[in-house]
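The values are calculated or read from the model by the stated rules, or taken from the named source; none is laboratory data. Since the structure is predicted, the reported quantities are computational estimates derived from the model, not experimental observations. Heads up, the Cβs are rebuilt from the backbone with ideal geometry, glycines too, and the neighbour counts pull from every protein chain shown.
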Amino acid sequence: MYRKLGKRAGRRGVFLLIIGVGEACWGVSFLVDPPDEHGLQLLTSVCSLRHWAWLWIIVGLGTVSSSILRIGRDWAGYVAALVPPTVWAVAYLAAAVSGEYSRGAFVTLWYLTSHVGVIMWAATVPEYSVPPVPRRPGKGSNAP
């Protein structure tokens, strides 16, 4: 069953599936056991972390649903997957710049590299990248 799903979704789809499930689970964790608000004052000034949890959940489910789309139509899943970690990175950066959270710059870099950067890289990976078959000298070549 997993093999069929993997073939149907392809490499790009499997990546979107993994990221989407992860983002949805991260959002659910905010509902089940909300974390401390250290560094997230920019977000909590708008609404509670329980409300922000729904951003992760909805985007995660949207990313999962994009995983079954054809290549070229899956772009929305990659764009959607970028939203929550980018929002969190901006919040932590604001907290670092304002002095509210000294670790904010490091957390920002973590979100930008391990989340945003990886998603942006994966969005550029073709579904199938097979190196060209090496040609042997033979007919039509100038081999000695």
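Values computed for the structure shown
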read-out	value
Criterion (assigned to a helix (DSSP H, G or I), surrounded by fewer than 18 Cβ atoms within 10 Å (Cβ to Cβ), free of Cβ contacts under 8 Å to residues at least 60 places away in the same chain and among the charged types (D, E, K, R)) met by exactly one of Arg50, Arg73	Arg50
Residue match in the stretch 110-131 (condition: closer than 17 Å to Leu43 by Cα, assigned to a helix (DSSP H, G or I) and in contact with a Leu (Cβ under 7 Å, 6 or more places away or on another chain))	no
Lone unmet requirement of (1) under 23 Å from Pro126 (Cβ atoms); (2) touching a helix residue (DSSP H, G or I) at 6+ places or on another chain (Cβ under 6 Å) for Arg11	(2)
Any hit, the stretch 32-41, residues being out of contact with any Gly (no Cβ under 8 Å at 6 or more places or on another chain), more than 21 Å from Leu109 (Cα to Cα) and part of a helix (DSSP H, G or I)	yes
Those residues of the stretch 14-44 which are at pLDDT 95 or above and hydroxyl-bearing (Ser, Thr, Tyr), in sequence order	Ser29
All positions within the stretch 76-95 that are small (Gly, Ala, Ser), at pLDDT 95 or above and either in contact with a strand residue (DSSP E or B) (Cβ under 6 Å, 6 or more places away or on another chain) or surrounded by fewer than 18 Cβ atoms within 10 Å (Cβ to Cβ) (or both)	none
